[in-house]
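J.: Quick one: the structure is below, and I'll ask about it shortly.
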Amino acid sequence: MKRIIQLFEKEDWKYYVGNSLQHDFYHTWHYHSMDMMGEPLLFVYEEGGNYLAFPLIKREIPGEEYFDLTSVYGYTGPISNQRFKVLSPLFLENFRISFLEFLNEEKIVSVFSRLHPFFDQSLSIAKLGGIHPNGKTVAIDLTLSIEAQRHKYHGRLRGKISQLRRKGYVVRESDSIDDIDIFAQIYMENMKRISASDHYLFPASYFRDLYHSDELNSKLLLVYLGNRAVSGAYIVCTNEIIQAHLLGTLTAYLPDSPAKLLTDEISMFGRTMGARYFHLGGGLNFKHDSLFEWKASFSDLILDFNSWRYIANPGVYEALVQKLNINTAANIDFFPLYRYKSS
């Protein structure tokens, strides 16, 4: 049996996410309720007491009668109340057929979803095809002692963190509206400095709503030098995995790199929040770049990161690509290609 849960069905959405064996806060109703890209939905296939649920965002394709599906910013993908490896071949085949029926009924051209590096989600959608290797991400193993964890830091990194503490940088947990607004200003300055797309330029209400959600085990941390907050992170712990969902540093303080101290402190906060791993993520657009190397200086635990890039209607997909006169031989790493905009 398939079911499409919409955003107004809050308790049903929370039920399927809350009863799954593995999920992250990116799957939650609250996180999807803040998305502005399109219409959030939760596709559910249920059979014999087991289910697969897949949160997605349905978007209009401008000027067309068709739609596509994408995922929220972060690591989502399918979830289940069972380990994917124990779901029977018949269950997975019925899920596949049901999902394809849904795509056809809703006139969906393509589906894009980032998959979670810690979950074996590929097992649930492998028969559909379209699993795409996107690179690597980095995580810190918090099951190690703090001494063993820090021993894995690159030598220069350990020295830099000690230097930041000697200079007077300190990390404090914050909980006031004023602190949330201060962090929002830091984050927005950071995003504008790197010329981030409008998708990452959140209104002030976004930060407040995220912090006050009853679905998230979260904290706001600020780095101070004297009385001034110069860096900060919004961290969330879900199912023993902590993530720094949002992080930023004021431009004037970048040379000191207070985010290095902040990352070390987050690992300690994570332990008190019940985390076994601190997922740092990957490089910019998940490339092996300087950002990836920065993160890898904290840990040698490297994970594979995949996305799901599925073309549901090849004929319409190709027609939409041709309308943009895109050179399909140019090896452009973007999906769906008909939404690509050259810089």
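J.: Quick check on this structure: which one of LEU225, LEU216, LEU221 is over 17 Å from ILE266 (Cβ atoms), touching a strand residue (DSSP E or B) at 6+ places or on another chain (Cβ under 6 Å) and modelled with pLDDT of 85 or more?
T.: Numbers: LEU216 fails: over 17 Å from ILE266 (Cβ atoms); LEU221 fails: over 17 Å from ILE266 (Cβ atoms).
From the options LEU225, LEU216, LEU221, the qualifying one is LEU225.
J.: Can you say whether HIS199 is under 28 Å from ASP304 (Cα atoms) and in a strand (DSSP E or B), as far as the supplied structure shows? It would help to see each step written out before you state the result.
T.: Numbers: under 28 Å from ASP304 (Cα atoms): yes; in a strand (DSSP E or B): no.
When the stated conditions are applied, HIS199 does not pass them.
J.: Is at least one residue of the range 305-317 farther than 22 Å from GLU105 by Cβ, of a type in the set (Phe, Trp, Tyr) and either in contact with a strand residue (DSSP E or B) (Cβ under 9 Å, 6 or more places away or on another chain) or in a loop (DSSP other than H, G, I, E, B) (or both)?
T.: If we filter the range 305-317 for residues that are farther than 22 Å from GLU105 by Cβ, which is where we start, we get 305-307.
Adding the requirement that they be of a type in the set (Phe, Trp, Tyr) leaves 305.
Then drop every residue that is not either in contact with a strand residue (DSSP E or B) (Cβ under 9 Å, 6 or more places away or on another chain) or in a loop (DSSP other than H, G, I, E, B) (or both), which leaves 305.
Yes.
J.: Find the strands (runs of 3 or more DSSP E) located wholly in the range 1-87 whose residues include 1 or more that are out of contact with any His (no Cβ under 9 Å at 6 or more places or on another chain) and surrounded by 23 or more Cβ atoms within 10 Å (Cβ to Cβ), and list them.
T.: 39-47, 50-60, 67-70
J.: Pairs under 6 Å by beta carbon, first residue of a type in the set (Gly, Ala, Ser) in the range 136-153, partner buried (at least 20 other Cβ atoms within 10 Å of the Cβ), six or more apart or different chains?
T.: Here the result reads ALA139/TYR277; ALA139/HIS279, each pair linking the range 136-153 to a residue that is buried (at least 20 other Cβ atoms within 10 Å of the Cβ).
J.: Would the range 283-300 turn up any residue that is assigned to a strand (DSSP E or B), touching a residue at least 24 places away in the same chain (Cβ under 8 Å) and touching an Asp or Glu at 6+ places or on another chain (Cβ under 7 Å)? Step through it out loud before you land on a result.
T.: Of all residues in the range 283-300, those assigned to a strand (DSSP E or B) come to none.
For the range 283-300, residues assigned to a strand (DSSP E or B), touching a residue at least 24 places away in the same chain (Cβ under 8 Å) and touching an Asp or Glu at 6+ places or on another chain (Cβ under 7 Å): absent.
J.: Let me ask something else about it. With the checklist (1) farther than 20 Å from ILE235 by Cα; (2) assigned by TED's automatic domain parsing to the domain that holds PRO258; (3) not hydroxyl-bearing (Ser, Thr, Tyr) in hand, flag the one item ARG309 doesn't pass.
T.: (2)
J.: Okay, moving on. Any idea which of LEU261, LEU210, LEU254 is without any contact (Cβ under 8 Å) to a residue 24 or more places away in the chain and in a helix (DSSP H, G or I)?
T.: Details: LEU261 fails: without any contact (Cβ under 8 Å) to a residue 24 or more places away in the chain; LEU210 fails: without any contact (Cβ under 8 Å) to a residue 24 or more places away in the chain.
It is LEU254.
J.: Would you pick out the residues in the range 318-332 that are in a loop (DSSP other than H, G, I, E, B) and either polar (S, T, N, Q) or surrounded by 14 or more Cβ atoms within 10 Å (Cβ to Cβ) (or both)?
T.: Of all residues in the range 318-332, those in a loop (DSSP other than H, G, I, E, B) come to 324-327, 331-332.
ASN325, ILE326, ASN327, ASN331, listed by residue number.
The values are calculated or read from the model by the stated rules, or taken from the named source; none is laboratory data. Note that the coordinates shown come from a computational prediction; the quantities given were computed from them, not determined experimentally. For neighbour counting, all protein chains shown are included, and Cβ atoms are generated from backbone atoms with ideal geometry for every residue, glycine included.
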